[in-house]
Amino acid sequence: MTNLTKRDSIPHNMKWKLEDLFPTHQDWENEYKEVTKKAEAFSTYKGTLSTNSQTLLQCLQADDEISLSLERLYVYASMRKDEDTTHTFHQGLMERVSSLYSQVVSTMSFLTPEILSMKESILSSFLKENKELQHYKKSLDAILRNKVHTLSEEQEEILSQFGELSSAPRTIFGMIDNADMKFPTIEDEDGNDVTLTHGSYFTFMEHPNQEVRKRAFQAYYSAYIDQKNTIASTLAANIKKNATYAKIRKFPSSLEKSLFADNVPLSVYDNLLSTVKDHLKPMHKYLALRKELLNVEELHMYDIYTPLIPEVNKTISYEEAYETMKKGLAPLGKEYISILEEAKTNGWIDVCENEGKRSGAYCSGAYGTHPYILLNHKDNLNSMFTLAHEMGHAMHSYYSDNNNPFTYAQYTIFVAEVASTVNEVLLMHHLLQTTTDAKTKLYLLNYFLEQFRGTVFRQTMFAEFEKCTHDKAEKNEPLTVDVFNEIYGSLNELYYGEGVVQDEEIQYEWMRIPHFYNSFYVYKYATGFSAAIAIAKAILEEGEPAVERYMEFLKSGGRDYPIELLKIAGVDMSNSKPIEEALSYFSTLVDEFETAVNATKKDA
């Protein structure tokens with residue numbers, strides 16, 4: 001086992017500076033007490049919002065103040081816990097703020113229903129007479145959009161009692177998948193018996209020996225097949241629950257209910273599905289190249305994740321990664337690069353792995369303070385791309401927070417992955433343009449193609465599966481193992497093509513996808529990735545005009561609905577053009593990859 005560095009031994013310039021949120025623990029405690037008092041006082045607004053415009057204004061301002069303080073308290077406690085998860089004091093902070101959050105949400109829960117119960121003529125007159133209240137017009141309009149889908153106070157109260165029950169399918173699946181699922185033992189390449197786990201399965205899927213991959217694949221799915229009726233019932237219950245809630249809320253379908261909050265037209269979802277299906281040939285060509293490079297007689301579903309190009313064993317220090325990232329992002333302009341330099345030197349980033357530190361990487365932060373990034377940097381290419389990705393999130397938050405009031409600074413999930421992906425695309429373009437090593441170029445191309453395959457093609461296939469299964473539920477058609485298998489198996493065959501053997505087990509893959517319990521979410525990965533490709537392409541081709549549009553998008557926060565915000569950057573997701581451009585780029589990359597493969601063969 002590797003001996004990890006103690007937190008205290010990490011240099012200060014490689015740690016984030018949480019003192020910028022709260023200089024001392026006592027400052028955190030003081031704000032915690034202040035929020036508790038404000039939350040208790042907030043209940044006095046209940047039943048008074050129709051009294052006059054000033055009362056409504058003061059209530060909304062108090063809501064903002066409490067929400068911002070809660071955000072600061074939560075983010076600080078969460079990040080303190082993550083920098084050393086063994087630290088019991090910081091675990092305690094997290095438990096306290098989580099409890100406070102629940103209390104505050106309960107105390108403030110009357111706000112939206114009371115606004116919805118107000119006569120629109122009264123609300124309209126309040127907005128006309130009170131200029132300060134105009135600040136909240138968009139927020140109020142967003143609430144009022146829900147009026148037609150809101151029930152009576154008594155009905156809403158009854159419906160709220162089913163909150164815990166409505167999450168039961170996800171909870172049950174989580175228990176089956178993470179606690180009760182028993183995986184068999186398989187024989188590895190050396191003849192040793194190894195018990196499969198979720199983690200080791202994916203390691204086996206990257207194994208160079210096809211027979212080992214096959215054994216792992218068949219054994220892994222056998223465990224799910226043993227639970228097929230239970231999991232089918234669980235997923236069916238989740239889908240039927242969605243259909244029921246949509247009907248109760250007077251939505252035409254579950255899908256349209258899920259799109260409502262972001263004001264995303266149904267055509268956006270449908271365009272994604274139809275456009276990707278119309279451009280599957282490059283995907284099939286890429287899979288044919290995969291078969292060729294793996295040198296297998298047949299390409300099976302257990303061959304999809306095997307690395308085609310050995311990882312380039314190039315040591316890239318954090319310092320070098322940062323400088324390379326800056327070069328890749330240079331097209332975004334001097335101001336953008338200067339903020340990147342500030343981030344590196346002013347305590348935005350927690351760089352190194354240490355004992356007890358949370359794994360992975362993320363970007364977090366609270367309004368009014370710079371963003372924060374957690375890394376566990378390794379000296380390799382993947383870590384450099386992770387740095388660029390998380391810095392994209394950070395820069396989006398930085399520009400949003402510095403150009404919007406708290407009320408409208410938060411952007412939605414629909415656009416959340418755009419800035420991070422733009423950064424990765426620009427960095428990839430820089431590396432492909434500057435690398436002189438043939439193997440490195442092959443590795444980079446394959447890395448990027450896999451991102452496309454996993455984010456655009458695979459997530460779109462998932463999105464279509466969700467649509468098909470919900471359509472059946474809304475027509476009161478049965479949802480059984482056989483029905484799920486037929487839908488998923490047909491889609492897998494369509495998306496992966498005739499060149500891939502459709503192993504019997506793959507029709508059961510729907511059983512292990514947790515995203516299906518957070519319905520109609522995965523399409524946002526594909527649309528966000530496509531929008532980012534279109535933006536990056538414009539930046540590289542047009543230069544300054546495209547950069548200016550993109551910067552305005554980054555500054556827009558949540559001041560409008562996501563489709564409208566992306567139009568600022570020159571991307572209209574209400575038509576298929578951005579998706580077509582992304583898929584065209586994928587096709588170009590496949591051709592470039594094929595050329596590089598052939599060149600490598602000649603040099604061998």
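Just so you know, all these numbers are worked out from the coordinates, no wet-lab data involved. This is a predicted model, so every value here is computed, not measured. Reconstructed Cβ throughout: ideal geometry from the backbone, glycine too, with neighbour counts over all protein chains shown.
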Stick to Cα atoms and the Kirkwood definition of Rh, then tell me Rg/Rh for region 8-161. 1.08
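If each DSSP helix of 4+ residues adds -39,500 (n - 2.57) and the sum is divided by the residues in the chain, what number results at 222 nm, nearest 500 deg cm²/dmol? Could you put the intermediate results ahead of the total?
Details: 27 runs with 374 residues, N = 604.
For the chain, the value works out to -20000 deg cm²/dmol.
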Need one number: % antiparallel among DSSP beta bridges in the chain, to the nearest 5. 60 percent
Note down the net charge around Ser576, summing +1 for each Lys or Arg and -1 for each Asp or Glu among other residues with Cβ under 11 Å from its Cβ. -4
Based on the alpha-carbon gyration tensor of region 38-91 and its eigenvalue square roots a ≥ b ≥ c, which shape applies: rounded if a/c is under 1.5, prolate if not and a/b is larger than b/c, or oblate? prolate
Tell me, what HN-Hα J-couplings in whole Hz come from the Karplus equation 6.51 cos²θ - 1.76 cosθ + 1.60 at θ = phi - 60° for each residue of region 284-291, using x for Gly and Pro? 5, 5, 4, 5, 5, 5, 4, 4
Pop a pseudo-label 7 angstrom from the Cα along the beta-carbon direction at both Ser222 and Glu353 and give the gap in nm to one decimal. 3.3 nm
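Can you quote the Å³ per residue value for the convex hull of the Cα atoms in region 76-139, rounded to an integer? The partial results should precede the final answer.
On the way: hull volume 7.1 nm³, N = 64.
Dividing the Cα hull volume of region 76-139 by its residues yields 111 Å³.
What FRET efficiency do you get for Ser102 and Phe162 if R0 is 22 Å and r is their Cβ-Cβ distance, rounded to the nearest 0.05?
0.75
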Please label the shape of region 198-275 as rounded, prolate or oblate, based on the square roots a ≥ b ≥ c of the eigenvalues of the alpha-carbon gyration tensor (a/c under 1.5 means rounded; beyond that, a/b larger than b/c means prolate, else oblate). oblate
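Work out the FRET efficiency for Glu541 and Lys291 from their Cβ-Cβ distance, taking R0 = 35 Å, and round it to the nearest 0.05. Present the calculation step by step, with values, prior to reporting the outcome.
On the way: r = 34 Å, r/R0 = 0.96.
For Glu541 and Lys291, the calculated efficiency is 0.55.
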Degrees separating the helix 438-452 axis from the principal Cα axis of the chain, which is the longest one: 50 degrees
Thr185 to Asn263: FRET efficiency via 1/(1 + (r/R0)^6), r the Cβ-Cβ distance, R0 35 Å, to the nearest 0.05? 0.10
To the nearest 10 degrees, how steeply does helix 334-345 sit against the main Cα axis of the chain, on a 0 to 90 scale? 90 degrees
Sorted by mean Cβ packing within 10 Å, highest first, what order do the peptides 41-47, 565-571 take? 565-571, 41-47
Taking the Cα-to-Cβ direction at Arg145 and at His25 and moving 7 Å from each Cα, how far apart do the two end points lie in nm? 4.4 nm
Does region 408-481 come out rounded, prolate or oblate, given a ≥ b ≥ c as the square roots of the eigenvalues of its C-alpha gyration tensor, rounded meaning a/c under 1.5 and, failing that, prolate meaning a/b above b/c? oblate
Could the peptides 198-208, 257-267 be put in order, highest first, of the mean number of other beta-carbon atoms found within 10 Å of their residues? 257-267, 198-208
Computed over the chain: longest principal axis from alpha-carbon atoms vs helix 481-496 long axis, angle to nearest 10 degrees, is 70 degrees
Only sites in a loop by DSSP and with at most 10 other Cβ atoms within 10 Å count here; which GluC sites (Glu not before Pro) in region 453-508 make the cut? Glu498
Note on region 8-161: contact order normalised by length, alpha-carbon pairs under 8 Å, 6 or more apart, percent, works out to 25 percent
